[in-house]
Structures are given as structure tokens and as C-alpha cells.
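First comes the structure, then the notes that go with it.
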Amino acid sequence: MGNTERSLSELTEYLDAELIGDAEHRISGIADLQCASTSELSFVNQESYLQYLPQSATGAVILNADFADKYAGNKLVVANTYLAYAKVSALFESLSELPVGIHPTAVVASSANIASNAAIGAHCVIGEQAHIASGVRLYSGVSVGDRASIDSNTLVHPNVVVYHGVSIGKNCVIHSGTVIGSDGFGFAPSRDGWTKIHQLGGVIIGDKVEVGSNCSIDRGALGNTVIADGVIIDNLVHIAHNVKIGKRSAIAGCVGIAGSAIIGENCTVAGAVAINGHISIADNSHFHGGTIVTKGNTEAGVFASTPPMQDVKKWRRNSVRYTQLDEMSNRIKQLEKQLKSLLPAEPEEK
Amino acid sequence: MGNTERSLSELTEYLDAELIGDAEHRISGIADLQCASTSELSFVNQESYLQYLPQSATGAVILNADFADKYAGNKLVVANTYLAYAKVSALFESLSELPVGIHPTAVVASSANIASNAAIGAHCVIGEQAHIASGVRLYSGVSVGDRASIDSNTLVHPNVVVYHGVSIGKNCVIHSGTVIGSDGFGFAPSRDGWTKIHQLGGVIIGDKVEVGSNCSIDRGALGNTVIADGVIIDNLVHIAHNVKIGKRSAIAGCVGIAGSAIIGENCTVAGAVAINGHISIADNSHFHGGTIVTKGNTEAGVFASTPPMQDVKKWRRNSVRYTQLDEMSNRIKQLEKQLKSLLPAEPEEK
Amino acid sequence: MGNTERSLSELTEYLDAELIGDAEHRISGIADLQCASTSELSFVNQESYLQYLPQSATGAVILNADFADKYAGNKLVVANTYLAYAKVSALFESLSELPVGIHPTAVVASSANIASNAAIGAHCVIGEQAHIASGVRLYSGVSVGDRASIDSNTLVHPNVVVYHGVSIGKNCVIHSGTVIGSDGFGFAPSRDGWTKIHQLGGVIIGDKVEVGSNCSIDRGALGNTVIADGVIIDNLVHIAHNVKIGKRSAIAGCVGIAGSAIIGENCTVAGAVAINGHISIADNSHFHGGTIVTKGNTEAGVFASTPPMQDVKKWRRNSVRYTQLDEMSNRIKQLEKQLKSLLPAEPEEK
């Protein structure tokens, strides 16, 4: 990361691209075609962007061979435009590095094990026997519980809370306000109300996992909640105790996953989906936004449950009918029966 | 703000009201008619409240001319009762002022620019080149990233996180736990899993914006996420990268707005609504609670999508029929066709 | 709490169980039958677990009299297995005790009243006239506003924010990131946009309440938001101003409850439910996951509103029909009318 200028020849080498244009031209950022200045880089990964090329002041364009002859200016020709954009975005990251070492206002337990090149920000609190590995950066106000462990090069933004015993892998990013390892929602009913089931399990987060802001990931009741390598999670996501999420699955914002649900690998769960507890979702499943997932599935598929949005007057009328659906179905059956008695006794159409 | 007594004559002047009653009567707070004591002020802004007037011990009532003759006690007659209540509520705010100056436990970067009459609470952390303007109050534990800027008289509650480069306008209120400027959910798929698209844009929040607690407002991928002047946002709201929200729109609790959605001005979005990405919502649109907004609209309207709540037995039966709707429709068509063959060939009714 | 070994005879006495087996056998934790080692305790509270008994290495099993003859190893026979598991889980809680006293980095107002055996963690901030009772533990980074009060033995996890004037009862647990007492979403519309209604009420939380992580509980506008004794609340739950939740009700993750809603006692609200404002829910009501609760009820019942999840192709076809439901209903009526004219004029079937 850094925030420095690069020449097109440097970017070409970094992206393993083919450069057509001025190798010495210098780039200091990325912008879309409509906003870009001559010191910025843009990209075209779909036909609809081509219209902006003639007017664009952009310094250079990333595109693939199919689009290369549409633009006369500086261009970096690549195989996968969107991936090239992702890679180059890292060069212009504007988040400042945190200085290595432990900020004097941080409170670190004497038995904690902090790598010498980790960075512990202001007002962090690190518990007994916690392990903070090489290259980890904890921004300010992060709380790491006893015996928790954060593996190398993971970046934790301000005010994240990592409870005792939680394990986070390498190269993860955890955004602010996220809580990992809070108690699962486990209570036994009794005559005196709810008796707490102490949550004795942990949370294991793999490598290269990204968790957005203000997420809640609960510790297991017995055994662990597990987020596998490469999973990406958006903001305000609730992950209950003993959930397992398979490798590279993507969970969008405002999703809730109830206890002991098992999500396969490479699933994509759109925003505001709610997934029931104790069900299994097959690898490569996709759920549309807002779906209430009450049952598991064993084969990949695309699933949805929300009815379409309507003008409120139409919605009111149709909603009333929704509560009469079973009756409507019975009336159709009755009509079919009655009609049959009137029709000639031919073989029926299907 | 403050928490002091006022005479009815002072309140009358403050509200530009007409006083009928004892100008010297002193008021120390607001309560509804059923709870109010003689030192408290109440209001009647709808007919249904009139029934409580005879028994109420209230010290004075705010009401409009239509209701004025219904009450014999002290009254402040105003044009807009609810607005008068809002205005007077500010006089009895009980949140303490934060002392001006920088708390000794705050950690402030040397290049940060803090106005001399700003208040920086305990354990705040302010980044390099951050700008905290005149009259701003940051309560404890607030993190402000490098180059972020908070304009005059904005109030930020404990443990809010403002990421690097975020800009917040004047006279805003940001509640605890809210995170502004976390990374948008941008990743390019590749053979090795998800490659992070570094989020190089920012967040621009206008003047007089209120954001509730535990909201997440992501920074733009390229370009900014923009919340215009006068927008109000409730708790646990997710605003993804590059969303734009127009002036004075109101977003209720648990709403999620996906990336690059554009919400017009003066929209009202009820609780638990989810708005799809890359769509545009016209000014003055209203969405009922729980609506899943999959398509944009170009004209103001009122929209809904959720089916009605039912007793669970009825719900089960009707839900089964929901999955047979298309078949039911085809059966109706078939019935119509068959019946037509039996009916005399007259012009059909419409 | 603690994390020490116990003999089966100690556990038997603690649970008021009947021990069949080796009273001296020592137990250091709990695990399910499939994972348990000989130093761990398991439980069987349903028939489906019996299959794991033969292969299990578990050190002892909690079960009831019906299952007692199914297992030849060490067993603790109890009346209510799940409740016994809950009780025993407390013995193996791994969260470390916080040392009594005020951490030197905490910032405590001079007028705050802190019990001598309370524990105030690193970087906590306690306001003027706040009251922290005996046995309370505030983990790091907790903010307690002026005049707030936390009663005996309540445990507050890192980075929780308790606003001014909020009252929390005895023996509660509040998880990280939760905000109690933020402003309710109250604004009066006016020509110049929204005018804030200052939220002058408070929040009163009873005894033995558990609140998960990243919840938002707003203060009342006038009067209080009230969470009664024994209520349990999961993660990412939004509770708006002036909501009342009755004793022992359970609110699962991602639920939103709008302003002034009244929830009865012993209700169970499943995940992702949204409850409208200004409605009353009867005691003992249950809502299925994802239900949008638009109306109150006066008698206990079980309610749901979400349509079933479908394969996306089927869902698309049926969704179109959903918008035509009223028309379908009218076509059925028309068919019935036409058919009636063709059928002999007999008394109709019902």
C-alpha cells in the first residue's frame, strides 16, 4: 500500500499487461472515465462504458483486447479487466500505515505475545496470553481478549472487539465496530425464566477473510463457530453460534445466519437474507436479497422468496387475496369438478 | 441546551406562541398529559389526547387554536403543535455539555487542526491532518481518521468511528457505535477467490444530518458515498459504497441500501426496508416497512412488498398455494376457455 | 465461574442429580458426545443423540430417567437435562474475571459512585453521578453517561455505550458494541426540513436481562423505554424509543421493534422479525422468522408472514401472479357466476 505516483510502465509490469501508449506517463490514482483527470487511471469492463471514452480526460485505460481498438489514448490491455482494477487499487490505498510497536496508551497484559513488528494502536487492550503475530495492525481502541490469537498481517480497524479465545487467521481485514466471540443466544427455559447456557466454544476465522463494520460473530456453545478461508462478509451481519461458512462464500449486508447453520463453499448470499438455524446449504448456492431461507438444500441452485414490490393500492388488494389463496384454490377445484360434469366425456387436455 | 426552569412567558416568547394563563408559572420539563406534574409542559396535537385533559395535572399545554377552548388551564397556542413541541424539547435536553478543550487522555496527531472551542473527550484518537471545527463535541472513545473533517457544532457520541478522509458537515449528530467510512464490499472474483478492490473514495455527509447508533456507512469505491443536508437516519442502518441520499430523506431502523443506489430528496423509507444496488428512487417516494425494493422508480409513489401476517396454520396453507400460483392462473385460463365453449356466443362482459 | 476440574460427585451435588458411576472421575469441560474426551461431560436430551453413545469417549453423560438404561458408563440422572446442562455450563465458563477496582486508565467523574468491589476496566469512562453497584464488571472501553446506574453483579463487555440517565438492573449481561440510550428517531417535519425532538426520556432495563452484541436500545422521547426482568435479546436488535418488552420475552437476532410498541410477557420473536410501532402484542405470542408484524394482537398465537423460498425460476413466475391475485380472484368469481347459469338450479354444495 501507499499513495504515490506510478508510471504506466510500472503499472504495466505490476499488472502483467500490454501497454499501448506513453510508458513514462504518471498516474496518481483511479477514477471512472467521467471524472478522471490526466493523472488518473480508468477502466472499461463493459460495453456501456465505451460511450464515455471520447470525452474522458483519463490518463490511461485498463481494458481487454476486445475493446482495445475503441480507444486511441494510453491503454493497458489485460485478460481480466476487473481483476486488474482490483489489483491496481491496492497501489493507491489511502489508509495510512500504523507505526510498528505498541502505542504508549495501549494496555497489554504481561503474558501477551506481541510480534516485534506488529502495530498496536492507541487505547488498545490486549488480554493475557493473547497472541498478536507479525505484521498485524490493530488500529485504536481494539480489544483483544485473553488467549485470543490474530495471525500475521491481519488488519483490525478501530474499536473492534475480539473476545477471549477467538482465533483469526492471516491477511484478514476486520472493520470497525465488529464484535467477534460474543456469547451465542443459548438459554434453557425453566420455571424461573431463562437459564443462561454459558458459551464455552470459540470462533475460528481462516485466512484472507474480510469482515465489514458492525458485524456480530458469536462464539460456539460447545465447539466453534467457523469462518473458512477467503470468506467475505459485508456490514451489519449476524452470525450465530456454531455456524460454519465454507471457503470463499460471500455474505452481503444485513444478513442474519441462525445457530448451527452450515453454509457451503462459494455461496453468495445477497443483502438482508435470513438463514434458519440447523440447516445445511450446498456449495455454490445463491440467495436473492431478502430471502428467508427456512430449509437447507443439497444441490446448488438460485433461490428467492420475496414477493414483488407494488404500488401500495395494488399491494393492499393483492395482499387480501394472499390470505384467501387456499380458498381460491379450492374454488378452482370446485369449478373444475362442476365444469367436468357439463363437458362431453372426452379425454381431458393437460 | 440546558436543564433549567423556564417561565411560561419565556416559553411563549421562544415559541412565538400566544399565552393564555399564568405568565409566571415555571416549567422544568415536558411530559405527556397522563404523567405530567404542575411543573411540566404537555401538548395536544390530536383529538384523541383531549380525553386526558380533565384529569391532567400538567402545568401548561401546547395546542393550536382549534383545541384552545377545550382546556381551561395554562395554554400556549401555536400554529404547529408538534413543531412547537420539537422546539421546546431542545430547552430540556439532559445530555451534559462536554467541556471545551482536549481531554488529557485523548491522542491527537500533531498535524490535526482542532478548533480552540471544540471539545475532545476522553480516549478520543484524532489522526493526521484531521480537522475538527469550532463547537464540535466528540464524546469519549471517538476515533477520527487521518484527513477526516468534522464541521462546526457537530456532536459525536461515544465510540463512533470516522475513517480517514471522511467529511461530516455542520450541526450533525452521530450516535454511538456508528462507523462512517468503512470499506465498501468490493471484490473481484478470480481463480484464487476474491481479490479486494481497495475502496479509494470517501464519504461526504452534509449539514444537519442525524445518524443513529450502530449504523455503517461505507466509503466509495471510486468517488464518494454522499448523504445530503438534512437527512435523518435511524439505528442499525447499512449504507453501502457510492450510495447517494437526497436532502431531507428519512431512513428508519434496520434499513439496508446496497451499493450505488440513488435515493431522491424527501423520501421516507420505513423500517427493515432493503434497497437494491444501482437503482434510482424518485424524490418524495415512500416505502412501507419491510419492503424489498428491487427496482427503481421515476415518479413519486408509495410502495410495499410484504404479504400480510397470518395465523401460522392459515399461513402454511396459503404459502403452499403461493408456490402453485402460476399453475392456478393456468387453471383459471383453462376454465375460461372451456366455459366459453359452453356459453352462448354473446359479447362477453368485461 | 471458573475453569477448574470437578469430580462427578461434586457435579452430582451441584445438579441435585443421581449419580450412577465413578464418583471420583474428574471432569474439566463439556463437549457433545461425538467430540468428548474422558475428561469431558456430555448430555443426551433427545432420542437422536442415543446413536452416538456407543462410540463416545465421554467421561459422563447427563440424561433423564427414560434414557438412563441406554448407557452403561458414568451418568448423572436429572429431571430436566437441558436445564442441567445450562447450570453446569456456568462451572466451565472461560471468560476471565476482571480484577476488582478501577483501572488506572479509566476516567471516572469525581461525583460517580463506584462500589468498592466493582471492577472498572481499562479506558472506561464513567460520567458524573453515575452509580456502579457492587460486583459490577465493566470490561475495557465501556462508556457510562452521567447519572446512569448499573446495578449489582451486572457484566458489561468491552466498548458498550450506556448513555446518560440509563438504568440497568442486577445480574444482567450486555455484550460488546451494544448502545443503550441513544436518541429515539423523533423529528417534526417543517418547511425547513426535520426539526429534532430531543429525547428526554430514559431506558430502564430490569434484572437478569441479557443483551447481545451491537444492539441499539433508544431512550424514550418522553417517558422511558422499558425492558422487563428476564428478557433475553440476541445480536443486532433495534429497540426504538418507548418500546416496552414484558418479562422473560426472547428477541432473536436482527429484529427491529419500532417506537412505542408494547411486547407482552413470555413472547418469542424469531430472527429478522420487524414489529411496527404503536401496537400491542399479547403475552405468549410467537412470531416466525422474518415476519413483518403490522398489527397487534390481543390473544396469544403463532404468527408468520413470509412466503416460502422457491427456485428462482418458479419464484419469478409465481411472483408475477402475485401481482395479479386480485384479478385472479375476480376471474374466479366471474367463472362461478357464469357456471351457475349453466348448472341445474339445485341447492349448491358448500
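Taken residue by residue and averaged, Cβ atoms of other chains lying within 10 Å of the Cβ of B:264-273 number 4.
Neighbouring Cβ atoms from other chains, within 10 Å of the Cβ of residues in B:61-67, number 0 on average. Shown for C:Gln51: label points 7 Å from Cα along the beta-carbon vector, and their distances to the equivalent points in the other copies, 5.9, 5.9 nm in ascending order. Pull out a ≥ b ≥ c, the square roots of the eigenvalues of the alpha-carbon gyration tensor of the protein assembly as shown, then state rounded if a/c is under 1.5, prolate if not and a/b is larger than b/c, and oblate in the remaining case. Judged from the Cα gyration tensor, the protein assembly as shown comes out rounded (a/c under 1.5).
Shown in residue order for region C:133-150 are the 3J(HN,Hα) couplings computed by the Karplus curve 6.51 cos²θ - 1.76 cosθ + 1.60 at θ = phi - 60°: 7, 4, x, 5, 10, 10, 6, 5, x, 7, 10, 10, x, 4, 6, 6, 9, 10 Hz (x for Gly and Pro).
Here's how it looks for A:Ile114: its modeled amide H is under 5 Å from those of A:Ile132, which are all 5 or more places away or on a different chain. Neighbouring Cβ atoms from other chains, within 10 Å of the Cβ of residues in C:114-126, number 3 on average. Placing one equal scatterer on every Cα of region B:1-53 and applying the Debye formula, the log10 ratio I(q)/I(0) at q = 0.15, 0.30, 0.32 Å⁻¹ is -0.45, -1.24, -1.26. Listed from fewest to most Cβ neighbours within 10 Å, the set A:Tyr52, A:Tyr71 follows the order A:Tyr52, A:Tyr71. For the options C:Ala130, C:Ala270, C:Ala57, a Gaussian network treatment of chain C with springs between C-alpha atoms closer than 10 Å singles out C:Ala57 as fluctuating the most. Using R0 = 60 Å, the C-beta based FRET efficiency linking C:Arg26 and A:Ser134 works out to 0.95. For A:Cys35, the distances from its label point to the matching points in the remaining copies are 4.6, 4.6 nm, ordered from shortest, with each point set 7 Å beyond Cα toward Cβ. Of the residues B:Ala112, C:Leu76, C:His175, the one whose Cα sits farthest toward the positive end of the charge dipole of the protein assembly as shown, with +1 on the Cβ of Lys and Arg and -1 on the Cβ of Asp and Glu, is C:Leu76.
Only counting other Cβ atoms within 10 Å, I'd like A:Asp229, A:Asp66 sorted with the fewest neighbours first. Don't jump to the answer; show the numbers that get you there.
On the way: A:Asp229 18, A:Asp66 11.
The most exposed by this proxy come first: A:Asp66, A:Asp229.
A crude spin-label estimate for the pair A:Lys337 and A:Ser110, with each label 7 Å from Cα along the Cβ direction, gives 8.5 nm.
Inter-copy label distances for C:Glu336: 1.8, 1.8 nm (label point placed 7 Å from Cα along Cα→Cβ; shortest first).
Around B:Ala17, under 15 Å between beta carbons, what's the net of Lys plus Arg minus Asp minus Glu among the other residues?
Values: positive: B:Arg6, B:Lys75, B:Lys87; negative: B:Glu10, B:Glu13, B:Asp16, B:Glu18, B:Asp22, B:Asp66.
Overall, the nearby charge balance is -3.
Please give the net charge around B:Thr154, taking every other residue with its beta carbon less than 12 angstrom from that of B:Thr154, where Lys and Arg add +1 and Asp and Glu add -1. Spelling it out: positives minus negatives among the neighbours equals 0.
Cut-off 10 angstrom, C-alpha nodes, Gaussian network model of chain B. Which of B:Lys314, B:Lys244, B:Lys208 fluctuates the most? Looking only at B:Lys314, B:Lys244, B:Lys208, the biggest GNM fluctuation is shown by B:Lys314. Converting phi to 3J(HN,Hα) with the Karplus coefficients 6.51, -1.76 and 1.60 and the offset θ = phi - 60°, region A:269-275 yields 10, 6, x, 6, 6, 10, 10 Hz in sequence order, with x at every glycine or proline.
Any chance you could run the full-extension gain for C:Ala345 through C:Arg317? It's 0.36 nm times the residue separation minus the Cα-Cα distance, nm to one decimal. Write out the running numbers ahead of the final one.
Details: separation 28, 0.36 × 28 = 10.08 nm, distance 3.83 nm.
The span from C:Ala345 to C:Arg317 would gain 6.2 nm if fully extended.
What is region B:1-127 by shape, rounded, prolate or oblate, if you read a ≥ b ≥ c off the alpha carbon gyration tensor as root eigenvalues and call it rounded for a/c under 1.5, prolate for a/b larger than b/c, and oblate otherwise?
Numbers: a/c = 3.11, a/b = 3.02, b/c = 1.03.
Prolate is the answer for region B:1-127, as a/c is 1.5 or above and a/b outweighs b/c.
The GNM of chain C, with springs linking C-alpha atoms under 10 angstrom apart, assigns the highest mean-square fluctuation among C:Ala17, C:Ala252, C:Ala300 to C:Ala17.
Under the convention that each Lys and Arg Cβ holds +1 and each Asp and Glu Cβ holds -1, the size of the dipole of region A:1-47 around its Cα centre is about 160 debye.
Using only side-chain charges placed at the Cβ, +1 for Lys and Arg and -1 for Asp and Glu, the dipole size of the protein assembly as shown relative to its Cα centre rounds to 2080 debye. For A:Lys70, a cut-off of 27 angstrom between C-alpha atoms picks up these lysines, skipping any fewer than 8 places away in its own chain: A:Lys87. What is chain B by shape, rounded, prolate or oblate, if you read a ≥ b ≥ c off the alpha carbon gyration tensor as root eigenvalues and call it rounded for a/c under 1.5, prolate for a/b larger than b/c, and oblate otherwise? The shape class here is oblate.
Nearest 0.05, what FRET efficiency do A:Gln55 and B:Ser190 give at R0 = 25 Å with Cβ-Cβ as r? Present the calculation step by step, with values, prior to reporting the outcome.
Working: r = 31 Å, r/R0 = 1.25.
According to the calculation, E is roughly 0.20.
Taking the Cβ of B:Asn235 as the center, what net charge do the other residues with Cβ under 14 Å away carry, scoring Lys and Arg +1 and Asp and Glu -1? Combined, the nearby Lys, Arg, Asp and Glu give -3.
Computed from the coordinates by the stated procedures, all read-outs in this text should not be read as laboratory data. Keep in mind that this is a model prediction, so the values were computed, not measured. Cβ atoms come from the backbone with ideal geometry, glycine included; neighbour counts cover every protein chain shown.
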